[in-house]
Protein chains: 2
Amino acid sequence: MVRYRTSVSLDGFIAGPDPSEADPLGVGGEALHEWALKLAIWREAHGKEGGEVNESTVAMQAQEANVGAEVMGRGMFGGGGGDWGAEPWSGWWGDDPPFRVPVFVLTHHEREALELGETTFSFVTDGIESCLDQAKAAAGGRDVLIGGGADTARQFLAAGLVDEMHVNLVPILLGSGTDLWDGLAAAGVTLEQTSAIGAPDVTHLSYRPALSG
Amino acid sequence: MVRYRTSVSLDGFIAGPDPSEADPLGVGGEALHEWALKLAIWREAHGKEGGEVNESTVAMQAQEANVGAEVMGRGMFGGGGGDWGAEPWSGWWGDDPPFRVPVFVLTHHEREALELGETTFSFVTDGIESCLDQAKAAAGGRDVLIGGGADTARQFLAAGLVDEMHVNLVPILLGSGTDLWDGLAAAGVTLEQTSAIGAPDVTHLSYRPALSG
């Protein structure tokens, strides 16, 4: 099964305006993830102690269960454009990225695989379907998670390649930024609601996407 | 207490594109209300038999409880612009509108009050605060419901006049239309989530709005 999960503002943005290397989530975008950062389950995965246990713990466990590989866009790996240069950098995620499954990064520029801690990043230049095939093979029967960002996820959704969509709906209004839903109505994407869980400062929604017609 | 409730698509629209007198909810907009129209509680209020009882029944009861008066824009009363003409029409709602509390219609054009069945429509031309004062007086200590449409509701939200916002989030993508959230981030509206109830084909969310700063 192919799954996508994201946090999104009530007004539909997964990042605020003016994202930059210093501020990849854009103005106000960090507030999209506050609900997660205070959880014990998140802190433990990132080598920290303490934190809360609440309804979001169950939702996050479900969203992270049975993932065998992850797919992401170049922006989520490490931002930037153009080719990788002579000393390509190793992304946003530090020496021990939290994925700990094979990660496939969609890019237009070839690059050798990169191993960091327990995570290996492979770079895929021949499109989303090839990327998904490689991720499925690496997942060994477990699920493939589309990690993001929005451009990448929208490509998979518009192509009808996502089986389950987890939307963590955060009660903030960003006003502008990266619009999760842009182009999906025009692509004929329909959504069947499969679950809804209220939690402190977030609602966890799950949908089964399909293409109409 | 002043409350606003609306149904909205996942991508933030409370009506689809190209609304008209024949199709006031715009293209695709009727799907926003399917979850409600199949409920026994809705059918009974509209003089029909049968229908479903599910989690939405409880949410709708809560959203409709203790309402003593309702406020709406001219578009929700009966559409159109300009003055009322010599034989002003009596709106979308037929001979027995479902409100059954005093309704205050915001308009730029004066008009005598209109009684239809158990509902009296009063027409208010001197702005939202006066409208709200009149509605509160008529409500006799019960709550005032901002019925809509989006323009009207956004004016009340941006002015910090809404105490509780009920959002019935429907898993459809309209792509364009009347944007519920337009301008609210810029107005400094913040939202505290107070409840979330999953139901068939809809999630009922409640928020406590405020103005930042």
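The values are calculated or read from the model by the stated rules, or taken from the named source; none is laboratory data. Just so we're clear, the structure is a prediction, and the values are computed from it rather than from any experiment. Virtual Cβ from ideal backbone geometry, glycine too; neighbours counted across all protein chains shown.
One table, with the values for the structure above:
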| quantity | calculated |
| --- | --- |
| Residue list for segment A:172-189, filter: surrounded by fewer than 20 Cβ atoms within 10 Å (Cβ to Cβ) and either among the aromatic types (Phe, Trp, Tyr) or facing chain B (nearest Cβ under 7 Å) (or both) | A:Ala186 |
| Yes/no for B:Val58 being in contact (Cβ under 8 Å) with a residue 60 or more places away in the chain and of a type outside the set (Gly, Ala, Ser) | yes |
| Test set (1) exposed (fewer than 14 other Cβ atoms within 10 Å of the Cβ); (2) away from chain A (no Cβ under 14 Å); (3) not aliphatic (A, V, I, L, M) - B:Glu192 fails condition number | (2) |
| One residue from B:Asp83, B:Asp96, B:Asp126 being within 22 Å of B:His33 (Cα to Cα) and exposed (fewer than 14 other Cβ atoms within 10 Å of the Cβ) | B:Asp96 |
| Any hit, segment B:197-212, residues being aliphatic (A, V, I, L, M), modelled with pLDDT of 95 or more and under 29 Å from B:Asp95 (Cα atoms) | no |
| Test: B:Asn66 is in contact (Cβ under 8 Å) with a residue 24 or more places away in the chain and loosely packed, with under 15 Cβ neighbours inside 10 Å | yes |
| Residue within segment A:24-38 that is more than 26 Å from A:Trp181 (Cβ to Cβ) and at pLDDT 90 or above present | yes |
| Flag if A:Val162 is more than 8 Å from every other protein chain (Cβ to nearest Cβ), of a type in the set (A, V, I, L, M), buried (at least 22 other Cβ atoms within 10 Å of the Cβ) and touching an Asp or Glu at 6+ places or on another chain (Cβ under 8 Å) | no |
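Here is a yes/no grid of residues against (1) touching a strand residue (DSSP E or B) at 6+ places or on another chain (Cβ under 8 Å); (2) more than 14 Å from every other protein chain (Cβ to nearest Cβ); (3) under 30 Å from B:Val189 (Cβ atoms):
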residue	(1), (2), (3)
A:Ser9	yes, no, yes
A:Ser20	no, yes, yes
A:Asp23	no, yes, yes
A:Trp42	no, yes, yes
A:Gly47	no, yes, no
A:Glu52	yes, yes, yes
A:Glu55	yes, no, yes
A:Gly73	yes, yes, no
